[in-house]
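Asks: First, the structure itself, so that you have it in front of you.
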Amino acid sequence: MARITAGVATSHVPAIGAAMDLGKTEQPYWQPLFKGYEYVRQWIKEQKPDVIFLVYNDHANAFDMNFIPTFAIGCAPEFKPADEGWGARPVPIVKGHPALAAHITQSLIQDNFDLTVVHKMDVDHGLTVPLSLVFGQVEAWPCLIIPFAVNVVLYPPPSGQRCYDLGKALRKAIESFPEDLNVQVWGTGGMSHQLQGPRAGLINQAFDNDFLDRLIDDAENLAKVPHINYVREAGSEGIELVMWLIMRGALNDEIELKHRFYHVPASNTAVGHLVVENKKA
Amino acid sequence: MTTKPYHDIPGTIIFDPEMAQLGYHLNQFANSLMQAANREKFKANERAYLDEWAMSEEQKQAVLARDYNQMMQLGGNVYFLAKIFSTDGLSFQHAAASMTGMTQEAYAQMMLNGGRRPEGNLYKEQNNG
């Protein structure tokens, strides 16, 4: 049977992708950030996941004003990197797992999570920057990826509780898939940042670190935090953090923290990163 | 109109369904710049390209002036508007700085120093608007 072994959380700032694509990772500005990802680069080589269920948000690239789905699952065999206005990132095509994606779709909808099913979708920095951070610059991504896009662009996004509960249903879905697969669930976005208006540049280190603490060992209560707290305290784009709760819900109540990293700034944003494993029962 | 829970957050426009309706054509114009051919067409004659879209004159003027705060007042969302500053070859940081009234250098330095602090920036009463 398929099993969820581990989770990764990371911010997905587009400037991080640009720094990698333009060979700037050794510059003094970027060097401390990439140092925080050295652990996961080694760890992932030992873990060798077959599939990553990658929770991210589309930034008005796959979905324009005509359609904005709250939860969209990518069921196609492949997904191309999006042209976000300056040409597509020079990263590999993302290969999906249509059979597992179809199984998850079936299971989650039967469990009352009404997903939008997508067969053609370009994937933007929200998905490709986490892959670049963890795998580095590679010819091909070394595993299959199921993109799971959550609306956090048009207010209101789904609540933290809804995301956490979806994670729990996702676990049930994955663990009922008959093939023997090592599956990881990644949650991306955040941490505190605001990209707009006179308050742009807001960073709230206390909020972010409290979020990291509670995601690890108080997720049940963290899930109850309402939207308004995120947008007020972590910035209008800090609301992306609800996506981390999908990852957390999909893991055991008890998890083992393997790595924790926090850094300010990457461009406008506070960067957070966790590597967690399911404790053996 | 009902009072929204986020009305008292200073310096922030929440992109909700009402703003989305107001900004529909502005945002769709911006997203058209995801195609290289459209970027070229826009750069060749901005006004003529804008006139192909059912935007208000106010919205068109805001685009021509690259006034991102004004574009957001008129229903723009930063992830759509990103296609405009990307077409200009400018970063999110450049665009964000332009909305704060700071120079890009001062803004970048603020970020290096840990960003804009939450103290005084969570409620309108704290900063008088």
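The values are calculated or read from the model by the stated rules, or taken from the named source; none is laboratory data. Being a predicted model, the structure only gives us computed values, none of them experimental. Here the Cβ positions follow ideal geometry from the backbone for every residue, glycine too, while neighbour counts run over all protein chains shown. Accessible surface areas use protein heavy atoms only, side chains included; no ligands, DNA or RNA. Shrake-Rupley method; radii C 1.70, N 1.55, O 1.52, S 1.80 Å.
Asks: Filter the cross-link list A:45/A:80; A:224/A:258; A:95/B:83; A:24/A:168; B:4/B:41; A:224/A:280 down to pairs whose alpha-carbon distance in this structure exceeds 31 Å.
Replies: Working: A:45/A:80 24 Å; A:224/A:258 25 Å; A:95/B:83 26 Å; A:24/A:168 39 Å; B:4/B:41 40 Å; A:224/A:280 27 Å.
Those over the limit are A:24/A:168; B:4/B:41.
Asks: Please compute the per residue accessible area over the protein assembly as shown with all protein chains in place, 1.4 Å probe, rounded to a whole number of Å².
Replies: Working: 15980 Å² over 410 residues.
Value for the protein assembly as shown: 39 Å² per residue.
Asks: Follow-up question, since we're still on this one. Which whole-number value in Å³ per residue fits the convex hull of the alpha carbons of the range A:160-219? Please report the intermediate quantities before stating the final value.
Replies: On the way: hull volume 7.2 nm³, N = 60.
Cα convex hull per residue, to the nearest whole number: 120 Å³.
Asks: At 0.36 nm per residue, and after removing the present C-alpha to C-alpha distance, how many nm does the segment from residue B:16 to residue B:103 gain when stretched out fully? Intermediate results must be reported in sequence, preceding the final value.
Replies: Values: separation 87, 0.36 × 87 = 31.32 nm, distance 2.91 nm.
So the extension gain works out to 28.4 nm.
Asks: I would also like to ask the following. With a Förster radius of 41 Å, plug the Cβ-Cβ distance of residue A:43 and residue A:224 into 1/(1 + (r/R0)^6) and report the FRET value to the nearest 0.05. If you can, show how the numbers build up before the last one.
Replies: Working: r = 31 Å, r/R0 = 0.75.
Step by step, r from the Cβ atoms, then E = 0.85.
Asks: Still on this structure, I have one more. How big, in percent, is the set of alpha carbon pairs in the range A:105-166 lying more than 20 Å apart? Can you show the working numbers first?
Replies: Values: 816 of 1891 pairs.
So the pairs more than 20 Å apart make up 43 percent of the total in the range A:105-166.
Asks: First select every other residue whose beta carbon is under 13 angstrom from the beta carbon of residue B:74; then total the charges, Lys and Arg +1, Asp and Glu -1. Walk me through the numbers on the way to the answer.
Replies: On the way: positive: B:60; negative: B:18, B:57, B:58, B:67.
With Lys, Arg at +1 and Asp, Glu at -1, the net is -3.
Asks: Using modelled amide H (1.01 Å from N, peptide plane; none on Pro or chain starts), what sits under 5 Å from the amide H of residue A:181, excluding residues fewer than 5 places away?
Replies: Those lying under 5 Å, H to H, from residue A:181 are A:2, A:3.
Asks: Return the FRET efficiency for the residue pair residue A:179, residue A:78: r is the Cβ-Cβ distance, R0 is 22 Å, and the value is rounded to the nearest 0.05.
Replies: On the way: r = 19 Å, r/R0 = 0.88.
Plugging the Cβ-Cβ distance into 1/(1 + (r/R0)^6) gives 0.70.
Asks: Report the rotationally averaged projected area of chain B based on its alpha-carbon convex hull, in square nanometres. Present the calculation step by step, with values, prior to reporting the outcome.
Replies: Numbers: hull surface 36.0 nm².
So the mean shadow area of the Cα hull is 9.0 nm².
Asks: Let me check the size of the range B:83-127 from its C-alpha atoms; what are the radius of gyration and Dmax in Å?
Replies: Rg, Dmax (Cα atoms, Å): 12.7, 38.
Asks: Give me, ordered by chain and number, the residues 5 or more places off residue A:121 or on other chains with an amide H under 5 Å from its own placed amide H.
Replies: Long-range HN contacts for residue A:121: A:80.
Asks: Between beta-carbons, use under 9 Å as the cut-off and find the net charge around residue A:123, counting Lys and Arg +1, Asp and Glu -1.
Replies: Numbers: positive: A:80; negative: A:58, A:122, A:124.
The answer is -2.
Asks: Please give me the summed charge of the neighbours of residue A:74: other residues whose Cβ is under 13 Å from its Cβ, Lys and Arg +1, Asp and Glu -1.
Replies: Around residue A:74, the surrounding residues sum to -1.
Asks: Looking at the P(r) of the range A:159-281, how many percent of alpha-carbon pairs lie beyond 25 Å? Please report the intermediate quantities before stating the final value.
Replies: Values: 1889 of 7503 pairs.
When every Cα pair of the range A:159-281 is considered, 25 percent fall beyond 25 Å.
Asks: Which residue fluctuates the most in chain A, going by a Gaussian network model with Cα springs under 10 Å, if the choices are A:84, A:233, A:46?
Replies: Maximum among the listed residues: A:46.
Asks: Right, another one. Helix B:78-87 versus the longest principal axis of chain B: what angle, 0 to 90°, nearest 10, using Cα atoms?
Replies: With both axes taken from Cα atoms, the answer is about 50 degrees.
Asks: Related question: In whole percent, how big is the carbon plus sulfur part of the accessible area of the protein assembly as shown, probe 1.4 Å, protein atoms only? Each step should come with its number before you reach the end.
Replies: On the way: 8240 of 15980 Å².
C and S atoms contribute 52 percent here.
Asks: Evaluate the relative contact order of chain A (contact order divided by residue number), counting alpha-carbon pairs under 8 angstrom at least 6 apart; express in whole percent.
Replies: Values: 618 pairs, mean separation 87.3, N = 281.
Once divided by the residue count of chain A, the mean separation gives 31 percent.
Asks: If you don't mind, there's one more thing I want to ask. When each pair of different Cα atoms in the protein assembly as shown is counted once in the 1/r mean, what is the Kirkwood radius in angstroms, to one decimal? Could you put the intermediate results ahead of the total?
Replies: On the way: mean 1/r = 0.0467 Å⁻¹.
In the protein assembly as shown this quantity evaluates to 21.4 Å.
Asks: For chain B, what does the helix formula give at 222 nm: sum of -39500 (n - 2.57) over DSSP H segments with n ≥ 4, over the residue count, nearest 500 deg cm²/dmol? Spell out each step's value before the answer.
Replies: Values: 10 runs with 75 residues, N = 129.
Per the formula, -15000 deg cm²/dmol.
Asks: Mean-square fluctuation check for chain B, GNM, Cα pairs under 10 Å: which of B:27, B:113, B:69 is largest?
Replies: Greatest mean-square fluctuation among the candidates belongs to B:113.
Asks: Additional query: Whole angstrom only: what separates the Cα centroid of the range B:78-129 from the Cα centroid of the range A:90-163?
Replies: 29 Å
Asks: Computed on alpha carbon atoms, what radius of gyration and Dmax characterise the range A:1-102, expressed in Å?
Replies: Rg, Dmax (Cα atoms, Å): 15.9, 46.
Asks: Tell me, how many Å apart are the Cα centres for the range A:219-254 and for the range A:27-59?
Replies: When both Cα centres are located, 20 Å separates them.
Asks: Right, here's the next one. What FRET efficiency comes out for the pair residue B:117/residue B:94, r = Cβ-Cβ distance, R0 = 22 Å, nearest 0.05?
Replies: Numbers: r = 22 Å, r/R0 = 1.00.
After rounding, the FRET efficiency stands at 0.50.
Asks: Got a sec? Which residues in the range A:78-116 would a label at residue B:44 touch, if it sits 7 Å along Cα→Cβ and we count backbone N under 14 Å?
Replies: Within reach of a label on residue B:44, which here means backbone N under 14 Å from a point 7 Å along Cα→Cβ, the range A:78-116 contributes nothing.
Asks: Give me log10 I(q)/I(0) at q = 0.17, 0.21, 0.22, 0.24 Å⁻¹ for the range A:113-217, Debye formula, one equal scatterer per alpha-carbon, no solvent.
Replies: The calculated log intensity ratios at q = 0.17, 0.21, 0.22, 0.24 Å⁻¹ are -1.20, -1.59, -1.61, -1.60.
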